[in-house]
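Written below as structure tokens is the structure these notes are about.
The values are calculated or read from the model by the stated rules, or taken from the named source; none is laboratory data. The structure displayed is predicted, hence computed values, not measured ones. No Cβ is skipped: glycine too gets one built from the backbone with ideal geometry, and neighbour counts run over all protein chains shown. To get the accessible areas, we keep the full protein, side chains included, count just its heavy atoms, and leave off ligands, DNA and RNA. Shrake-Rupley method; radii C 1.70, N 1.55, O 1.52, S 1.80 Å.
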Amino acid sequence: MKQPNRLEHGGRIDRDRAIEMQFDGQTLSAFEGDTLASAMLANGLKIVARGFKYHRPRGVFSAGVEEPNALVHLRSGARHEPNARATVVEAYDGLQSTGQNAWPGVRFDISAVNQLLAPFIGAGFYYKTFMGPVKGTAFWMFCEKFIRRAAGMGRAQTVADPDEYEKVNAFCDVLVIGGGPAGLAAAIAAGQCGARVILLEQDACLGGSMLSLPVGGESDACLKAMEATLKGMDNVRILKRTTVFGAYDQDVYGAVERVWDHVEVPPAHQPRQRYWQIRTKQAVMATGAIERPLVFANNDRPGVMLANAVRSYVNRYAVLPGKKIVLATNNDSAYAVAADLVRAGAEVSLLDARVSVPAELFKPLEALGVQLYPGYGILAAKGSRGVSGAKIVLLDENGCARGPSKTIRCDLIAVSGGWTPVVHLWSQRGQKLQFDEQSASFLPLKSASSTLKTAGSANACGDLNQALLQGEVAGQEAAKAVTGVVGVQVNVPRLKEAIYADDWARDLLMIWSVTREDGSTDGKAFVDVQHDVALSDIDLAHREGFVSVEHLKRYTTTGMATDQGKLSNINALARMAQLQALSIPKVGTTTFRPPYTPIAIGAIAGREQGIHFRPTRLTPVHDWHVDNAAVMIEAGAWKRPWYYPEGGETINQAYVREAAHVRKHVGVVDASTLGKIAVQGPDAAEFLNRVYVNAWKKLKIGRLRYGVMLRDDGIVLDDGATARLGENDYFMTTTTANAAKILGYLEHLLQTAWTDLKVHVTSVSDQYAAFAVAGPSARDLLDAVCSGADLSNEALPNNQFVKATIAGVPVRINRMSYSGELAYEVYVASGYAHAVWKNLFKAGASFDIKPYGTESMGALRIEKGHVAGPEIDGRTTLGDLGLAGFASRVKPFSGSVLRHREKLDMASRPTLVGLEIDGDTGGMAGSLIYDQRAQQMGEEQGFLTSTTYSPALKKYISLALLRDGHERFGESVDIVNHVGDTVQTAKVVSPHFFDPEGARQNA
Amino acid sequence: MFIIECPWCGKRDQSEFSTHGEAHIARPEDPSVLSDEQWGDVLFFRHNPKGQHYERWNHAHGCRRWFNVSRNTASSEIYASYKPGEARPGAGKS
């Protein structure tokens, strides 16, 4: 395809490397060095997108990251990316892109009928329509799905991104943000002073604004010299295609490097993007500035562009987007643009809102044949699918039309409303901005102590040589602050002569919006083109009493699209200021927050996704479980066997069988996930005595004891058994979930409160495995497999342990029961756990040994009324759980005072009970319990905590917390599951469903 | 993303630490003599200053020691780290 707008010569493109891309099924011919946007313009594409709300046709507006219009879908399939700004998408052969937020396509879009509804969908449309007339949210919920479909941005991909992303940490002395003239000078100066420098540039090339200047000129010579200087510096690291998106405390900067975004598929083992977390001592913010648009009717038409963007397309990409151009400005910076456009072959009319313009500005242009209109502005753009003319008028001092308008035919309108320095990072650091009248912009309010220096356009610095000098000074100062060495001579290349006109917003006239005398416009005049916020919306918000800039922003949604107001901010503020008859700084500005430009979540996540999201903890016998077809369940970071299905069993069949098997024969459950803490030292007993509610000082060596801990506020914290292994050596267990928490809690007490206690606590959770061997045959099995210990009931009653060996491996055998059966816990060093486990099963074959999982373990403990996590839920007291008898009445312990707070001692508190559920379906934990007489009305009286089918009782049972629970045994209650909308009935019973006397565990 | 100085290990990345709110809250020597109001102060009521703040940190993924940090909650500047039991340094930069 021909490129009708491509210039014959010039540009920084490689004309030897022709490429082809696709946009909406259309082939775009381009060259390497193009962006998708420059290729669209070169190929004469006018409509490339549709507006957010009204679906008006939109064209390319800018040449950089600020682009509000040309957002496209990039690539297809799993690599699909929405909201890509065509202006920063590097062209590559085979690039696929499509229009977004339009159906069937951007050139003809059905939803453009929304334009007819425009009078009804102005500012505050949501609030007015959906929060007034109809009560409740039903109307909104009905309309929402249609609105969501009609308005919006790109469509996200729902399948996993196949590409890799990675994270890097980096450290430097001086971080230079921005590779334009000021940044390059800063990096060279800081580097020459001996600092370790990192220079980051978001573009694929260094040079910044210099790339938009004519090719082969003085600026190119300077740029080449700077690049050559940097190449020879080992202490300067340069990262291109890298955007600093955030500035954080302690001089940490977040950046994303688009390593392989400029190809379809990254090379093998290479990341698409890389997230840099850079810690620096000093930083130089050389982030440049963004040109401001002007506001007039239909200023969103394809063919309305930023003036200096047009200059970029001409000089950098050799693309002239229009032949007859109307250029409108309120400052000096459009004059150099006009000259470049004429040299490229365009016919240019230049409108300046200022009545008097210095002769040195307009004289050279007159010689080039530019038609000048001092005191003029654009009232409206003509043309519906693209610019066909500009309606121009003389302006008064408020930007209102004065006198009749006339129309100039043109195919491109270029606008310049001055410049907005990119001060986002400054603002993110919480540093102050102050309004500068000269440039009509918010600038960093500098302080000597700041570790962030500014240079160049970010500082509203005028000409190129001045920017180079500012960069040099900032780089030198930053380096000096790090190295402490003063007076180092630096040698930064300069322009030979200041040949370029002042590029900045010198002598700016603060008129951005052009209206009729009555303040109206000939059509929608957009302040925020990306979010479709018009001047009339700002005016409406003002009439409705919105005064604060923060309120105005949220009410009109100006500046809240993906560009975050990069273009619209000042124009919206200026309009507010005008309406309120205040100055812009009095109106104030909103706060910038990261990210500066949108970044992919994938880049931040890096490799921390899927199974790598967090570490997985496996018990020492994990492989055995997997080999024996266990279905695993996640318990915190742990993977535990949930159940071991036999012959296609469901989970319900499997756990019921496993639980019944334990009560009849013998089963083994892997309890290695228990928290295990070595409590050692001469004061260990005193320490335990303080943290547990029960007494510990008289526990003999060889014994163990169940203990409960309270929080200081009297609520139950955790429970577990602790064994006394030696004179000063105790072995504590905690619940699996609380292992880390309890260790931290104990350490805190020892290190900060009870520093006089000679006690060490050490986590040994990973050092020991633990297996619970439970069932009537447990002793016979262990007798068969253990050596060196008498396991008889007389020698080893409950709550005692012995040391023994299994297959030569030393083990400790605690006699204690969680299941309610005759049971032992075998503790073994982790490295030998697998061997011991296998020996248990080898010897156990003749005892019909079976493994059991957490589901049946839960069933067994519920039958016994033992509490666990669902009951120790951070709200229950000892009394609630029926554990008050454990608490010592004589000694103080953590929580001993506050457990007797009035509300915690109330008799009517919900207490632990059992429920026998009627019928043949189980209860759902969390279901509410109601008094049957109250017919499920009023306040609930309690809730279900742990439910199961009980093979021993042959019915569905549950533990529950029920008001006045102990006095209600035998009563029938209603169980209501509001989520599943079911009602069941149940009988209140003792929580000790099975073998309440404990005959089986004492056997 | 702070660098925090552990009084035992030196400067380490924030990801090694956990934070636990206000420091210098003495555990009652004799819990039985405190009024409910005093208990409320010990357990629940905390200063929430904008500016200088003494706070407890734990080198959780390091030496597992607890220590105190003097930090500015507004600017996040860290003024000092010190061991539990040591006197708090003066407000602001030491």
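Going by accessible surface with a 1.4 Å probe and the largest first, A:Tyr832, A:Tyr248 read A:Tyr832, A:Tyr248.
What is the sum of charges, Lys and Arg at +1 and Asp and Glu at -1, for the other residues whose Cβ falls under 11 Å from the Cβ of A:Val252? Once all neighbours under 11 Å are counted, the net charge is -1. Quote the relative contact order of chain A in percent (integer), defining contacts as alpha-carbon pairs under 8 Å separated by 6+ residues. RCO, chain A: 9 percent. Which residues among the stretch A:461-499 fall inside the zone where the amide N is under 13 Å from a point 7 Å beyond the Cα of A:Glu360, along Cα→Cβ? So the set is A:463, A:498-499. Computed extension length for A:Thr591-A:Phe171: 148.4 nm, one decimal, from 0.36 nm per residue of separation with the Cα-Cα distance subtracted. At a probe radius of 1.4 angstrom, the accessible area of the stretch A:526-580 per residue rounds to 31 square angstrom.
When A:Ser787, A:Ser212 are compared by accessible surface with a 1.4 Å probe, the order from highest to lowest is A:Ser787, A:Ser212. Under 15 Å of direct C-alpha separation, and excluding same-chain neighbours fewer than eight residues apart, A:Lys758 reaches these aspartates and glutamates: A:Asp683, A:Glu686, A:Glu727, A:Asp729, A:Glu747. For the listed peptides A:227-236, A:55-64, A:663-672, A:90-99, a ranking on the average number of other beta carbons within 10 Å per residue, highest first, reads A:55-64, A:663-672, A:90-99, A:227-236. Here's how it looks for A:Met632: its modeled amide H is under 5 Å from those of A:Trp642, which are all 5 or more places away or on a different chain. Viscosity 1.567 mPa s, temperature 4 °C: Stokes-Einstein D of the protein assembly as shown from its Kirkwood Cα radius, in µm² per second? Using the Kirkwood radius from Cα pairs, D works out to 37 µm²/s. In percent, rounded to a whole number, the relative contact order of the stretch A:675-763 is 39, using alpha-carbon pairs under 8 Å and six or more apart.
Nearest 5 is fine: what % of DSSP beta bridges in chain A come out antiparallel, could you say? Present the calculation step by step, with values, prior to reporting the outcome.
Working: 136 of 186 bridges.
Roughly 75 percent of the DSSP beta bridges within chain A come out antiparallel.
Annotation: amide H-H contacts under 5 Å for A:Ala344 (H modelled 1.01 Å from N, sequence separation of 5 or more, or interchain): none.
Residue by residue along B:10-19, Cβ atoms of other protein chains within 10 Å of the local Cβ number 1 on average. Of interest is the spacing of the C-alpha centroids, which for the stretch A:783-839 and the stretch A:40-57 amounts to 77 Å.
Suppose R0 equals 56 Å. What FRET efficiency, 1/(1 + (r/R0)^6) with r the Cβ-Cβ distance, do A:Met233 and B:Asp30 give to the nearest 0.05?
Working: r = 67 Å, r/R0 = 1.20.
Given R0 = 56 Å and the Cβ-Cβ separation, E is 0.25.
Per residue of B:83-90, other chain Cβ atoms within 10 Å of the residue Cβ number 1 on average. Note on the stretch A:840-946: Lys pairs 8 or more places apart or on different chains, Cα atoms under 29 Å apart, count 4. Rounded to the nearest 500, the 222 nm mean residue ellipticity of chain A from helices alone is -6500 deg cm²/dmol, with -39,500 (n - 2.57) taken per DSSP H run of at least 4 residues. Residues in the stretch A:659-672 carry Karplus couplings, in order, of 5, 5, 5, 4, 6, 9, 10, 7, x, 10, 10, 7, 9, 5 Hz; the curve used is 6.51 cos²θ - 1.76 cosθ + 1.60 with θ = phi - 60°, and Gly or Pro positions show x.
If I take R0 = 41 Å and measure r between the Cβ atoms of A:Glu634 and A:Val265 in this structure, what FRET efficiency does the formula 1/(1 + (r/R0)^6) give, to the nearest 0.05? Computed FRET efficiency for A:Glu634 and A:Val265 comes out at 0.75. Shown in residue order for the stretch A:450-461 are the 3J(HN,Hα) couplings computed by the Karplus curve 6.51 cos²θ - 1.76 cosθ + 1.60 at θ = phi - 60°: 5, 8, 10, 9, 10, 7, x, 4, 4, 9, 6, 6 Hz (x for Gly and Pro). For the pair the stretch A:510-553 and the stretch A:155-180, the centres of their Cα atoms are 37 angstrom apart.
Counting only other residues whose beta carbon sits under 12 Å from that of A:Gly94, what net charge do I get with K and R as +1, D and E as -1? Please report the intermediate quantities before stating the final value.
Details: positive: A:Arg75; negative: A:Glu20, A:Asp93, A:Glu264.
Summing Lys and Arg as +1 and Asp and Glu as -1 gives -2.
Over chain B, DSSP H runs of length four or greater, each weighted -39,500 (n - 2.57), average out per residue to a 222 nm ellipticity of -2500 deg cm²/dmol.
Using 0.36 nm per residue and subtracting the Cα-Cα separation, the extra length available between A:Thr985 and A:Val809 on full extension is 58.2 nm. Normalising the average separation of contacting C-alpha pairs (under 8 angstrom, six or more residues apart) by the number of residues puts the relative contact order of the stretch A:897-989 at 35 percent.
Solvent-accessible area of A:Val488, all protein chains in place: 40 Å² (probe radius 1.4 Å, heavy atoms, ligands and nucleic acids excluded).
Here the alpha carbons of the stretch A:34-94 define both size measures, Rg and Dmax, at 11.4, 33 Å. Taking the protein heavy atoms of the protein assembly as shown in the context of the full set of protein chains, the accessible area attributed to carbon and sulfur is 52 percent at 1.4 Å.
Let me know the whole percent of all Cα-Cα pairs from the stretch A:501-571 that are separated by more than 21 Å.
Working: 810 of 2485 pairs.
Tail of P(r) above 21 Å: 33 percent of Cα pairs.
Taking N as the residue count of the stretch A:324-429, its C-alpha radius of gyration divided by 2.2 N^0.38 Å amounts to 1.16. Taken across both chains, chains A and B shield about 1800 Å² of accessible surface from a 1.4 Å probe. GNM on chain B, alpha-carbon springs under 10 angstrom: the most fluctuating residue among B:Gly62, B:Gly40, B:Gly21 is B:Gly40. Ranked by solvent-accessible area (1.4 Å probe, protein heavy atoms only, all chains present), the residues A:His262, A:His834, A:His551 order from largest to smallest as A:His551, A:His834, A:His262.
The slack between A:Ile604 and A:Asp627, meaning 0.36 nm per residue of separation minus the straight C-alpha distance, is 4.6 nm. With viscosity set to 1.306 mPa s at 10 °C, what whole-number translational diffusion coefficient in µm²/s follows for the stretch A:666-784 from Stokes-Einstein and a Kirkwood radius over Cα pairs? My calculation gives 105 µm²/s for D. Between the amide H of A:Leu379 and those of A:Lys391, A:Ile392, A:Val393, distances stay under 5 Å, these residues lying 5 or more places away or on another chain, with hydrogens modeled in the peptide plane.
With a Förster radius of 56 Å, plug the Cβ-Cβ distance of B:Gln14 and A:Lys406 into 1/(1 + (r/R0)^6) and report the FRET value to the nearest 0.05.
Numbers: r = 64 Å, r/R0 = 1.15.
E between B:Gln14 and A:Lys406, to the nearest 0.05, is 0.30.
Inter-chain neighbour count for A:747-755: the average number of beta-carbon atoms from partner chains within 10 Å of each residue's beta-carbon is 5. Each residue of the stretch B:18-30 was assigned a 3J(HN,Hα) from its phi angle through the Karplus curve 6.51 cos²θ - 1.76 cosθ + 1.60 (θ = phi - 60°); the sequence is 10, 10, 9, x, 4, 9, 6, 9, 6, 6, x, 5, 10 Hz, with glycine and proline shown as x.
For the stretch B:1-79, take the convex hull of the Cα atoms, compute a quarter of its surface area, and give me that in nm², please.
Details: hull surface 23.9 nm².
Across all orientations, the stretch B:1-79 yields a mean hull projection of 6.0 nm².
If you add up the charges near B:Pro28, with Lys and Arg at +1 and Asp and Glu at -1, over every other residue whose beta carbon is less than 12 angstrom from its beta carbon, what do you get? That sum, taken over residues with Cβ under 12 Å, equals -3. Counting heavy atoms of the protein chains alone, A:Val983 has an accessible area of about 80 Å² for a 1.4 Å probe.
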